[in-house]
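What follows is calculated from the coordinates using simple rules that are stated; it is not laboratory data. Everything numeric in this text was worked out from a predicted model, so none of it was measured. Every residue, glycine among them, receives a Cβ derived from its backbone with ideal geometry; neighbour counts consider all protein chains shown.
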Amino acid sequence: MPAIPGPGVPAPLRSVKRIAQGLLLLALMPAAVAEEKLYFFTENYPPYNSSTTGQGFAHNADDIAGICTDMVKQMMERVDYEYIMKMRDWSRAYQWVQGRENHGLFCTARTDEREDQFQWVGPLAPIKWTLFAAPDSDIELDSLEDAKQYKIAGYKGDVMSDYLVSEGFDVIMSVSGEQNPRRLALGQADLWVTDGLVGPLVAEEEHDITGLKPVLVFRETPMYLAVSTETDPDIVEDLQQGLDEARDSGDLDGIISRYQP
């Protein structure tokens, strides 16, 4: 049996009144803060990304610094999203981010092969693809093709290492690049492929090796924040706007100048 309307107010009018009250409550509620939480991953790759604790991993943003890291933090100061930042091995982080909503990875070289695998926010900073030799080496290269006769130290998931493998070079792969300067010193590899700033820094800080010889710079690539394709494009647009604002303010140039030798 249908409910009997109360006296004095017709049922249709009471329904309209309840709807109006509900709408009024919604109007009086404060605007919701962005509920999306973003998850950013990076690797220990100084001076672009580095652990402030001396460990090769980190669980929060306070323990991670570097050129790209500081750029991402400046970007996040200009958007209304919470974020978590972690440092992991590159190959593991690269696989983890793909297929997961609201996940991103930096600094990631933006190449033709990777273009459709991510959405891109940037550019952040460029890397120079460089072949280094040991301090006492007499290797000289006029072109990349000249390097095919040598063993080259690289690491899994690194865009430079992967490129050389695809081109038929003899690349010794490891989980990370931190041991590669020692491979040069021990004669286990003839060359090491890495970024022009990263090589000497890692060699000195990790192994007290100085005087590495940059024998060839064969490419330069801009690095980006790579965001999973499952992430809402509107979020990616907000991040790009935040990064552009940081760039226009001069903050990104200031970050680069702080880390340059």
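Dipole size of the chain about its Cα centre, with +1 on Lys/Arg Cβ and -1 on Asp/Glu Cβ: approximately 1260 debye, rounded to the nearest 20. For residue 197, the residues whose modelled amide H falls within less than 5 Å of its own, excluding neighbours fewer than 5 places apart on the same chain, are 128. Placing +1 on the Cβ of every Lys and Arg and -1 on the Cβ of every Asp and Glu, with nothing else charged, gives segment 127-220 a dipole about its Cα centre of roughly 200 debye.
From least to most packed, judged by other beta carbons within 10 angstrom and beginning with the fewest, 68, 107 follow the order 68, 107. Kirkwood-type hydrodynamic radius, segment 105-156: 14.2 Å, calculated from all non-identical alpha-carbon pairs. Too long at a 29 Å Cα-Cα cut-off: which of 73/213; 86/128; 148/213; 73/148? From the list (73/213; 86/128; 148/213; 73/148), the Cα-Cα distance tops 29 Å for 73/213; 73/148.
Positive contributions from Lys and Arg (+1) and negative ones from Asp and Glu (-1), summed over other residues with Cβ under 11 Å from the Cβ of residue 176, come out at -2. Rounded to the nearest whole Hz, the Karplus-based 3J(HN,Hα) values (6.51 cos²θ - 1.76 cosθ + 1.60, θ = phi - 60°) of segment 101-107 follow the sequence 4, 6, 10, x, 9, 8, 7, with x at glycine and proline. The stretch between residue 92 and residue 179 holds 29.5 nm of extra length on full extension. This uses 0.36 nm per residue minus the Cα-Cα distance. Note on residue 151 and residue 248: the model spin-label points, each 7 Å out from Cα along the C-beta direction, lie 5.3 nm apart. Computed over the chain, the P(r) curve from all C-alpha pair distances, binned at 5 Å from the origin, holds 1, 6, 11, 15, 15, 13, 10, 7, 5, 3, 2, 2, 2, 2, 2, 1, 1, 1, 1, 0, 0 percent per bin. Largest first, the extents of the alpha carbon coordinates of segment 127-220 on the three principal axes equal 32, 28, 25 Å.
Under the simplified labelling scheme, the residue 217-residue 84 pair shows an inter-label distance of 3.9 nm, with each label point 7 Å from Cα along Cα→Cβ.
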